[in-house]
Amino acid sequence: MKLILLLWQREGISIIRNTFQMVMLATIFLLGMYAIYYGHSKIMEQHKTIKNVEHIEKNKFEHYKNSFNSDHTSVKEKQLFDIASNPAYAWYRHEYHAILPPHGLSHMSLGQRDIEPYYYKLTGTSLYYQLFQSELANPLKLYVGNFDISFVLIYLFPLLIIAFTYGLYAEEKENGMLPLLRLQTIGLRKILLIRIAFYYALIVGLGILLSSIGFFVSSEGDILAVSLWILAVLCYLSFWFALMFFLISLKKNSSLTAISAASLWLLFLIVLPAVLNVYANIVYPIDNTSLADVTRRRSLENEEDLEEAKAVILEYLQSRNDLKEADSLLHINTMAKAYAAFTALNDDHHRKEVSDYFTQIRLRQKKISLFRWANPAVNTQGVLNEIVESDSEIFQSFYQSIESFHKDITHFYVDKLFLNKEITSKDYETLPKFNLKIDSQDRHRKIKNGLIEVIVTTFLLFGLSWLLFNKTTF
Amino acid sequence: MKRQVFLIAGKELKGMARQNALKILFAIIIILLGFALYAGHIAYKQQKVMVETAQKERRAEWLDQGNKHPHIAAHYGTYVFKPKTLLSLFDFGLDTYTGTSVYLEAHYPHEFMFRPVQGYGNMIRFGELSAALVLQLLLPLLIIFITFQTFTKEKETGTLKLLVSQGVSIRSIYLGKVLAYSLIVFSIMVPFFTGLYIVGVIEKTSAVINDMGLRILLLFCVYVGYLWAFTNFSVWISLKSSSARNALLTLLIFWIATGIIIPKTSANLGETLQPLPSMKTYKEGIQHDIENGMNTNETKEKRMARLKEDYLQQYGVDSLNQLPLNFGGIQMQEGEEYANKVHDFHDAALYKKFERQNKAGSLMGFVAPYIAVRNLSMAFAATDWYSFNDFQEKTNTYRRHLIRTMNNDMAKNSRYGEFYEYKAGRNLWETISDFKYLTPKVTMIFKYYWMELASLSFWVLIMFILIPSSSKNKLI
């Protein structure tokens, strides 16, 4: 213990005396603080937008509800009441919002939250006309990516580890200190590990300090997410320390160790993922051009033809056994019913194309994720995104949930329309509600697997380095 | 002196040829460059086939939509797909982050849909391997690895003193070394760009870019300037450093700071300083101005009442039914024109924000030359934001022409109050020619990138200044 404290004290003094290392630590800390601020401001903007859309929706429905109590004397009041009570208007005028709210810690890893839309305005009209919207974004900013705390941890912390540890053995040799160390009773490996442990405590401590500031900024306290985040950071940084221990164990000169470490950083953080992305693009190309057509606004071929309208309604009713009585009510509100039926049939017609498109995406992502274990950087980034629910899978669950929400909206209005029922003020208590359906078990399994993969790689590297150190000579 | 420079360059090249580690790194760069180009070419071909097929299908749909009222046809509309430019096989630029297709219909200028990035998983945020990425980030790293100890080693072994004592100036040694490393960089660049040019010539079907040769030449010049400046800087750092370790650390920090940290922080800072509105707020603003007018007394109702009055007066009639044309069509077009005005106003303000956000990054090109070369590379490959914007504007013009043609036909050939009674057919649909796109001439986009050109020139100039003068041998 005394030896550990002595060596740690020596390392501490050497850091304080080394302006370059102090500047590096301070820079990373300041960049980390900026990253937290940036992530937080992005998420605050999203919260603001969500509040705004929720407010608009609530307000509109309040107006509709209140219209049941007005005397409908003015044209405006009459129009509002019609929209509120007549399903022939309401089915395409009542606007709902499906929202994917940010997780309490999403500011720490923004993931796909700036790429994928996190809210959708939905009416009973064609789902696909409304589904493929994008949020406003500067493409150059999307290309550059987000400077959030996960970026600092994944990209910059390994550099800190490299800068502090690459010369731990080679520099002793280059400075002529090695023969002196060999004279000591303690083994060189032990001295090296004690010194690495000092930097491990320092850098991991800094990582946890920055993460804690990030947790503190959050308004929600999700203990599980916080614990998993800390575990992921520990695993990832441990991997880099194990990798550096491995490189040091090769006992090459300091320049070659630094070059090798920088090359590995480049390999894990730039080359491998970049190559995989290109590979995925050419092996699993995604054709969205055929899908564009499903977003088209369509209507009946001959809108003035009543017979054609009736035929469309009957075709739709064939798939709706629950609306059997509607067959005899065709002559009332025929065109409105025909338009609603046509929209539903059109969506049904395109359902397979849309489903195929999402299957293509899922397949591509599944194939890419098979390589995740080989790259702890990508793996940890994926795990962090999964912990804070900003990963691409959650957006796919979001799309799927929207589909069933749209179905609820359509049924709510269309059923009334086809059965010639008015919307009553009481119906406003049972309006369709959006529910996000997530397979939590599957998500936890993915996080667990990701972490295990990084831990196993780390232990393997550490074990190999342990054996290698005493076998190699400088 | 020239002889000395060549002799030193020759000696450096021989020295490097003996180092196996460098040979391996060199081979890795060549393989990555080759793979990037190959993958880019496949992606280009795949995308080209998809876009052409889809465009043909949509065109056929438009022509074969049958007889219907022109306004229904205007809502039926058509689609435009963004074609890949051939040079995107070299630099993907922003292609992954901009939408690929747009629905053109009456009343609603839709946003571009289907950003390819949405089809990738979380890994896309780590970037894609393109030949441009290899030249912008990986080749400079190779330069660092081969140059960091070029002077420090001479100092450590004492050969530098020996050379100077024999009358060789530091300048000659410096230039000889820079020449040797530049030759290595050139040995990668020249065949690569020649290959790119040959592909450009062979792929004659790429009608999207019509000044391919000039663009490739400009790309070559930009990369030569950037990599020469980087080589010079690395050699200079080695000259100034007391040890190989110091030189390596300084260069690696420079590479990471200017290639990774500064580009990201500056883009994020730009966004913080110029935040964008949400799509909802943006669209609501447009809708509000269309309904209430951009100026006082310009509400929709008032605009339409004025229009009616003007037409009645112009034709000297009392009612709309007496007009020789269908006022419904006139009204429709007037609504479109006003909405276009509102959209143009809001779009201009939004694009101004984009530009300001991007300017923060461009300005940092004076500190980080990578930013300058990245932006110029995208621009010359026609995969930058301005090229996308140009495409967007042209689709907008096409959409407006399509809607105007439909509305004018309605006004000219149908009667006021009638709708389903009038039907247009293929003859009208054929008057709308198919959408064809050509990128603007590269000379047109220089005005957007003067800051990048200035910053890259600044770096090249600084490197010339840093070359040691012939009288200075005291550095040793």
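What Rg and what Dmax come out for segment A:214-351 when only alpha-carbon atoms are used, in angstroms?
When restricted to the Cα atoms of segment A:214-351, Rg and Dmax are 30.8, 90 Å.
For helix B:369-380, what angle does its Cα long axis make with the longest principal axis of chain B, in degrees from 0 to 90 and rounded to 10?
40
Any idea how far the Cα center of segment B:321-375 sits from the one of segment B:1-66, in Å?
Each part's Cα centre sits 34 Å from the other's.
Under 5 Å between amide hydrogens, which residues at least 5 positions from B:Y79 or on another chain qualify, with H placed 1.01 Å from N in the peptide plane?
B:L104
Return the residues of segment A:119-144 for which accessible area with all protein chains present is lower than in the chain on its own by 40 Å² or more; set the probe to 1.4 Å and exclude ligands, DNA and RNA.
Flagged in segment A:119-144: A:Y129, A:F132, A:S134, A:E135, A:L136, A:N138, A:P139, A:L140, A:K141, A:L142, A:Y143, A:V144.
What does segment A:342-404 give for Rg and for Dmax, in Å, if only its C-alpha atoms count?
15.3, 50
Hey, what's the Kirkwood Rh for segment B:1-466 if you take every pair of different alpha carbons, in angstrom?
After inverting the pairwise mean of 1/r, the radius is 26.0 Å.
So which aspartates and glutamates pass the test for A:K448, namely a Cα distance under 19 Å, with those fewer than 8 places away in the same chain ruled out?
Partners found: A:D222, A:E386, A:E389, A:D391, A:E393, A:D439.
In the full protein assembly as shown, how much of A:M33 is accessible to a 1.4 Å probe, in Å² to the nearest 10?
70
Distance from the Cα centre of segment B:93-119 to that of segment A:429-474, in angstrom?
35
Along its three principal axes, how long is segment A:215-264 when you only count alpha carbons? Whole Å, largest extent first please.
Principal axes ranked by extent give 49, 17, 13 Å for the Cα atoms.
Explain nothing, just the number: dipole magnitude of chain B about its Cα centre with +1 on each Lys and Arg Cβ and -1 on each Asp and Glu Cβ, in debye rounded to the nearest 20.
The calculated dipole for chain B is roughly 2680 debye.
Which length gain, in nm to one decimal place, applies between A:E308 and A:T334 when the Cα-Cα distance is subtracted from 0.36 nm times their residue separation?
Gain on stretching A:E308 to A:T334: 8.3 nm.
Where Rh denotes the Kirkwood radius from the mean inverse Cα pair distance, what is Rg over Rh for the protein assembly as shown?
Here Rg/Rh amounts to 1.04.
For chain B, take the longest principal axis of its alpha carbons; what is the angle in degrees between that and the long axis of helix B:450-466, to the nearest 10 within 0 to 90?
Approximately 10 degrees, to the nearest ten.
For a 24 Å ceiling on Cα separation, which of these pairs sit above it: A:K416/A:K437; B:K23/B:K153; A:K42/A:K141; B:K48/B:K283; A:K60/A:K421; A:K367/B:K23?
Over 24 Å apart, Cα to Cα: A:K416/A:K437; B:K48/B:K283; A:K367/B:K23.
How much of the accessible area of the protein assembly as shown, probe 1.4 Å, is carbon plus sulfur, in whole percent?
Answer for the protein assembly as shown is 61 percent, counting heavy atoms of protein chains only.
Provide the per-residue ³J(HN,Hα) series for segment A:401-416, in order, calculated from phi with Karplus coefficients 6.51, -1.76, 1.60 and θ = phi - 60°, each as a whole number of Hz, with x at glycine and proline positions.
With coefficients 6.51, -1.76 and 1.60, one gets 5, 5, 4, 6, 5, 5, 4, 4, 4, 4, 4, 4, 8, 5, 4, 5 Hz.
Grab the DSSP H runs of chain A that are 4 residues or longer, score each as -39,500 (n - 2.57), total them, divide by all residues and round the 222 nm result to the nearest 500 deg cm²/dmol.
Taking each H run of at least 4 residues, the total per residue is -22500 deg cm²/dmol.
Please give the residues from segment A:283-312 for which the solvent-accessible area of heavy atoms, probe 1.4 Å, is smaller by at least 50 Å² with all protein chains in place than with the chain isolated.
The answer is A:N288, A:T289, A:A292, A:R296, A:R297, A:E303, A:E304.
Compute accessible area for segment B:361-399 by itself and then with all protein chains, 1.4 Å probe, and report residues whose area falls by 40 Å² or more.
Relative to the lone chain, where solvent access is computed with a 1.4 Å probe, segment B:361-399 loses at least 40 Å² at B:R374.
Could you run the Karplus curve 6.51 cos²θ - 1.76 cosθ + 1.60 with θ = phi - 60° over segment A:211-224 and give me ³J(HN,Hα) per residue in whole Hz, x for Gly and Pro?
Each residue of segment A:211-224 in turn: 4, 5, 4, x, 5, 5, 5, 5, 8, 10, x, 9, 4, 4 Hz.
Could you run the Karplus curve 6.51 cos²θ - 1.76 cosθ + 1.60 with θ = phi - 60° over segment A:333-339 and give me ³J(HN,Hα) per residue in whole Hz, x for Gly and Pro?
6, 4, 5, 5, 5, 5, 5
Over the C-alpha atoms of segment B:1-146, what are the Rg and the largest Cα-to-Cα span, Dmax, in Å?
24.3, 82
Give me the net charge of A:W8's neighbourhood, meaning all other residues with Cβ under 13 Å from the Cβ of A:W8; Lys, Arg count +1, Asp, Glu -1.
+2
Given the DSSP H assignment, sum -39500 (n - 2.57) over each helix run of at least 4 residues in chain B and divide by its residue total; what's the result at 222 nm in deg cm²/dmol, nearest 500?
Helices in chain B give a 222 nm mean residue ellipticity of -22000 deg cm²/dmol.
Could you state the angle between the C-alpha long axis of helix B:279-292 and the longest principal axis of the C-alpha atoms of chain B, as a value from 0 to 90 degrees rounded to the nearest 10?
Once rounded, the angle reads 40 degrees.
Whole number in Å², please: accessible area per residue of the protein assembly as shown, 1.4 Å probe, ligands, DNA and RNA not counted.
I get 43 Å² per residue for this part.
Accessible area lost on pairing A with B, both sides, 1.4 Å probe, Å² to nearest 100?
Counting protein atoms only, the buried area is about 8200 Å².
How much of B:L466 can a 1.4 Å solvent probe reach, expressed as accessible area in Å² and rounded to 10?
For B:L466, the solvent-accessible surface is approximately 40 Å².
What is the magnitude of the charge dipole of the protein assembly as shown about its Cα centre, with +1 placed on the Cβ of each Lys and Arg, -1 on the Cβ of each Asp and Glu, and no other charges, expressed in debye to the nearest 20?
Around 5440 debye, computed over the protein assembly as shown.
Can you give the percent of C-alpha pairs in segment B:374-476 whose distance is more than 25 Å?
When all Cα pairs of segment B:374-476 are counted, 56 percent exceed 25 Å.
As an exercise, find the ratio Rg/Rh for chain A from alpha-carbon atoms, using the Kirkwood inverse-distance average for Rh.
Over the Cα atoms of chain A, Rg/Rh equals 1.14.
The values are calculated or read from the model by the stated rules, or taken from the named source; none is laboratory data. Everything numeric here is computed off the predicted structure, so don't read it as measured data. Note that each Cβ is placed from the backbone with ideal geometry, even for glycine, and that neighbours are counted across all protein chains shown. The protein model used for the area step is the full one, side chains on, heavy atoms only, and it has no ligands, DNA or RNA in it. Shrake-Rupley method; radii C 1.70, N 1.55, O 1.52, S 1.80 Å.
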